[in-house]
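> Can you read through this structure? Questions will come right after.
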Amino acid sequence: MTSKKVILAGSFGVGKTSLFNQFIYNKFDDKYLTTIGVKVNKKIVNIDGRELSILLWDIAGEVSQDKVPVTYFLGASGVIYVFDLSRPTTYKNIAEDIEYLKGILDGGVVRVVGNKKDLVSDEQLENIREQLDLPFDIATSAKTGENVEELFYDIGKALLD
């Protein structure tokens, strides 16, 4: 079995922990608790007949080097960068953050995820896609579970290929 470390990164309050909990435990809690430091768990998934152990790191807060220790990224094969579709302030720095993350990962897989899809209409979602200078890979809702499994299947497939 292959094992890969994946980091959940992004601003405060975008739903990283909710995505983590939805993926690992199939549950959602609408109480907001700030992650302090890092929370780690793993889940074994089957991707096209191959088993992959995803070691998922839910890190606190921001992406920038002055807020998150670079050591958290050591050994990571992928990053899921999460922003909140309902809060434009969380997607102002996506291009810079992704550039920074790609520099740290050195060839690792990066997925950009707009979370809280349940809080925006399809029209708003299209407007957000048009506004961004960097396209995002998938829109999820940790609350409803929409596209959460698809997100992890997609990154898992990329990690195995």
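> Can you report the number of residues in the stretch 111-127 which are surrounded by fewer than 18 Cβ atoms within 10 Å (Cβ to Cβ) and either at positive phi or not polar (S, T, N, Q) (or both)? Break it down into steps so the answer makes sense when it comes.
At the first step, the residues of the stretch 111-127 found to be surrounded by fewer than 18 Cβ atoms within 10 Å (Cβ to Cβ) are 118-119, 121-127.
Still in the running and either at positive phi or not polar (S, T, N, Q) (or both): 118-119, 122-123, 125-126.
So the answer is 6.
> Here's a follow-up. Identify all residues within the stretch 1-32 that are in a loop (DSSP other than H, G, I, E, B) and among the aliphatic types (A, V, I, L, M); write none if there are none.
Kept after step one, since they are in a loop (DSSP other than H, G, I, E, B), are these residues of the stretch 1-32: 1, 11-15, 26-32.
Passing the criteria: MET1, VAL14.
Let's see how each residue does on (1) within 19 Å of ASN21 (Cβ to Cβ); (2) out of contact with any Asp or Glu (no Cβ under 6 Å at 6 or more places or on another chain); (3) without any contact (Cβ under 8 Å) to a residue 60 or more places away in the chain:
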{"site": "LYS42", "(1), (2), (3)": "yes, yes, yes"}
{"site": "ILE47", "(1), (2), (3)": "no, yes, no"}
{"site": "GLU51", "(1), (2), (3)": "no, yes, yes"}
{"site": "ALA60", "(1), (2), (3)": "yes, yes, yes"}
{"site": "THR71", "(1), (2), (3)": "no, yes, yes"}
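A quick yes/no check of all residues on (1) farther than 22 Å from ALA142 by Cβ; (2) acidic (Asp, Glu); (3) over 15 Å from the mean Cα position of the chain (by Cα):
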residue: ASP84; (1), (2), (3): no, yes, no
residue: THR89; (1), (2), (3): no, no, yes
residue: ILE98; (1), (2), (3): no, no, no
residue: VAL110; (1), (2), (3): no, no, no
residue: LYS116; (1), (2), (3): no, no, no
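> Regarding the stretch 45-55, can at least one residue be identified that is modelled with pLDDT of 90 or more and assigned to a helix (DSSP H, G or I)? Break it down into steps so the answer makes sense when it comes.
Restricting attention to the stretch 45-55, the residues satisfying the condition of being modelled with pLDDT of 90 or more are 45-55.
Restricting the remaining residues to those that are assigned to a helix (DSSP H, G or I) gives none.
No, because not a single residue in the stretch 45-55 is modelled with pLDDT of 90 or more and assigned to a helix (DSSP H, G or I).
> Kindly list, by first and then second residue, each pair from a residue in the stretch 1-26 that is over 19 Å from THR71 (Cα atoms) to a residue that is of a type in the set (Asp, Glu) and open to solvent by 10 Å² or more (accessible area, probe 1.4 Å), limited to pairs with Cβ atoms under 8 Å and residues at least 6 apart or on different chains.
Hits for this filter: MET1/GLU51; THR2/GLU51; PHE12/GLU62; SER18/ASP29; ASN21/ASP29; PHE23/GLU149.
> Let me ask something else about it. What number of residues in the stretch 139-161 are open to solvent by 30 Å² or more (accessible area, probe 1.4 Å) and either of a type in the set (S, T, N, Q) or closer than 15 Å to ASP118 by Cβ (or both)?
4
The values are calculated or read from the model by the stated rules, or taken from the named source; none is laboratory data. The structure presented is a predicted model; accordingly, all values stated were derived computationally and were not measured. We place every Cβ from the backbone using ideal geometry, glycine too, and count neighbours over all the protein chains shown. Note: areas computed on protein heavy atoms with side chains; ligands, DNA, RNA excluded. Shrake-Rupley method; radii C 1.70, N 1.55, O 1.52, S 1.80 Å.
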